[in-house]
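The values are calculated or read from the model by the stated rules, or taken from the named source; none is laboratory data. On a predicted model such as this, the values are computed, not experimentally measured, just so you know. Methodologically, a virtual Cβ is constructed for each residue, glycine included, from the backbone with ideal geometry; neighbour enumeration extends over all protein chains shown. In case anyone asks, the SASA skips ligands and DNA or RNA and just uses the protein heavy atoms, side chains included. Shrake-Rupley method; radii C 1.70, N 1.55, O 1.52, S 1.80 Å.
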Amino acid sequence: MSLPGYNFAYLDEQTKRMIRRALLKAVAIPGYQVPFASREMPLAYGWGTGGMQVTAAVIGPDDVLKVIDQGADDTTNAVSIRRFFALTAGVRTTERTVEATIIQTRHRIPETPLTAGQILVYQVPQPEPLRKLEPRETETRRMHALAEYGLMHVKLYEDIARHGRITLSYDYPVLVNGRHVMAPSPIPSFDNPKMHRSPALQLFGAGREKRIYAVPPYTSVESLAFEDHPFHPWKANAPCGLCGATDSYLDEVVVDDRGGRLFVCSDTDHCTTRRAAGHRGAAAGHALAGAGE
Amino acid sequence: MTALAPGFVDPPLAAQAVFRRLLDAMARPGMVVSLEAPPAPPPLALAAGAIALTLCDADTAVWLDPALRTAEVVAWLRFHTGCRIVGAAEDAAFAFAADTVALPFDRLPIGSDEFPDRSATAVVQVARLGAGAPLCLAGPGIETTTRLHVQGLPAGFVAWRARNHVAYPRGVDVVLVAGTQIAGLPRSTAVTEG
């Protein structure tokens, strides 16, 4: 079971009630940022404290938890958070997307389509999509209240005027339920279409900025764009070097000091599953593939 | 003085189980969900009691309609949750109601344009869920449209929901309760008869 001396899932019950009330309001107003009294967690702000508080308020002993960091299950942040909940909540953890009931994520949505029973918890550094355009919280709050998103469209227009296209490639703003403009967290714009009418429940926690928001299942999530400049999800123009996938989001890895580089799936579970099924990319057998090959 | 009914046996795990079902119900409006609820003093429905134990504490103002404002219910809520019981519906963070005739829906706080989350959650007891007159639901959490059958819905409920929906993103969120069953009707859900 859980760690002796600590409450189940680390947080005390009063804190969980406060977060749970905020979560229910967040689900009732898709895309609206609910302020909450974010607690200190046993790691620094910026390491996923918001996501962890949401997970702690939601998780139960029967859950199976997966944690990814930029798509990978095996990085420091993902491993630490997974171990934290294995220790404090005694839950089973997994690296398989299909086995997980709760997936806490930093900056990616898994390639495997999510299903109705799953909850995706995003770690969010900056929940306010308008913050870079308007630093005052009172003003951005008023803009959301009035659904006054002209400033955002001007920003996107200026991108087109200067560069000929919208240059945002991550944290690409979305319109949720036709009402609230929302920051999808720094996921690549490649992942934005996966949010639209997803059967899974999507919860967002920003610990330092003290905001919680949510996208319920089957909710419209539209990437902002113009009729004559439609939304284009960005992706490297290459197949995965290890598994040969052409439809997944890729990381570019520098492999030597002579300009050699390799594109590999950012979603490690997706890549491993494909390789286990016999798919081979041009660089199959490379040291990056791990001991398994 | 009769003995107070007990609350959750294992509060962290029991509250988590109830909250998770409640989150499910609010994320998928119209879906009827069962809660594992401890005994609650009648006329408070078991699921309504479990919701109070899960979400209410010293930080929440709780309003009870006259049908529920019995000495037993008040004592039970105060002892187990430490919540403030308020007399005016305008002050409620949570409103529990069992009366089906004269609910002051329009007096519940709906939040402000800047803070639509500062609004009430109404836990409304009905006779049965899954049987009775059909409601047609549409909105976030619902793939196309869905039907929820409710017996014993308060008078004027659908007309009030229509007014509530127009005020979006402000508005009151509703949890319908019958025995140990619940169904969520967040403000984002459009409710019509039929």
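List of remarks:
- Between B:Leu135, B:Leu176, B:Leu13, the residue with the greatest mean-square fluctuation in the GNM of chain B (Cα pairs under 10 Å linked by springs) is B:Leu13.
- Amide proton proximity set for A:Gly244, modelled H, under 5 Å, gap of 5+: A:Gly281, A:Ala282
- Cα-only Debye scattering, chain B: base-10 log of I(q)/I(0) at q = 0.08, 0.16, 0.19 Å⁻¹: -0.23, -0.99, -1.42
- Region B:11-193, accessible surface, carbon-and-sulfur percent (1.4 angstrom probe): 55 percent
- Burial of 30 Å² or greater, region A:204-232 residues [accessible area, probe 1.4 Å, versus chain by itself]: A:Pro217, A:Tyr218
- Using a probe of 1.4 angstrom and keeping all protein chains present, the accessible surface of the protein assembly as shown works out to 41 square angstrom per residue.
- Whichever lysines have a C-alpha closer than 27 Å to that of A:Lys194, once near sequence neighbours (fewer than 8 apart) are set aside: A:Lys25, A:Lys66, A:Lys132, A:Lys155, A:Lys210, A:Lys235
- Separation of alpha-carbon centers, region B:116-194 and region A:238-292, rounded to whole Å: 49 Å
- Where B meets A: accessible area buried, both sides, 1.4 Å probe, Å²: 3300 Å²
- Per-residue mean of foreign Cβ neighbours for B:138-144 is 6 (Cβ atoms of other chains, 10 Å radius).
- Listed residues A:His153, A:His232, A:His196, most fluctuating in chain A (Gaussian network, C-alpha, under 10 Å): A:His153
- Taking a ≥ b ≥ c as the square roots of the eigenvalues of the Cα gyration tensor, chain A is classed as oblate, since a/c reaches at least 1.5 and a/b does not exceed b/c.
- Protein-protein interface of region A:133-162, residues with accessible area decrease of at least 40 Å², isolated chain reference, 1.4 Å probe: A:Arg141, A:Ala145
- Here's how it looks for B:Val174: its modeled amide H is under 5 Å from those of B:Ala122, B:Leu185, B:Arg187, which are all 5 or more places away or on a different chain.
- Region B:114-160 shape via C-alpha gyration tensor axes, a/c threshold 1.5: oblate
- Theoretical FRET efficiency, 1/(1+(r/R0)^6), r = Cβ-Cβ of B:Ser34 and A:Arg142, R0 35 Å, to 0.05: 0.25
- Nonlocal amide H pairs with B:Ala61, under 5 Å, H built at 1.01 Å: B:Ala93, B:Phe94
- Axial C-alpha extent at least 20 Å, average Kyte-Doolittle at least -0.5 - helices from chain A (DSSP): A:13-28
- The share of C-alpha pairs in region A:34-172 whose separation exceeds 26 Å stands at 38 percent.
- Considering helices alone, the calculated mean residue ellipticity of the protein assembly as shown at 222 nm is -7500 deg cm²/dmol, with DSSP H runs of length four and up weighted by -39500 (n - 2.57) and normalised per residue.
- Cβ-based net charge around B:Cys83, under 9 Å, with every Lys or Arg adding one and every Asp or Glu removing one: 0
- Solvent-accessible area, 1.4 Å probe, carbon plus sulfur percent, for region A:1-139: 53 percent
- Here the accessible area is traced with a 1.4 Å probe on the protein chains. For region A:235-286, carbon and sulfur cover 48 percent of it.
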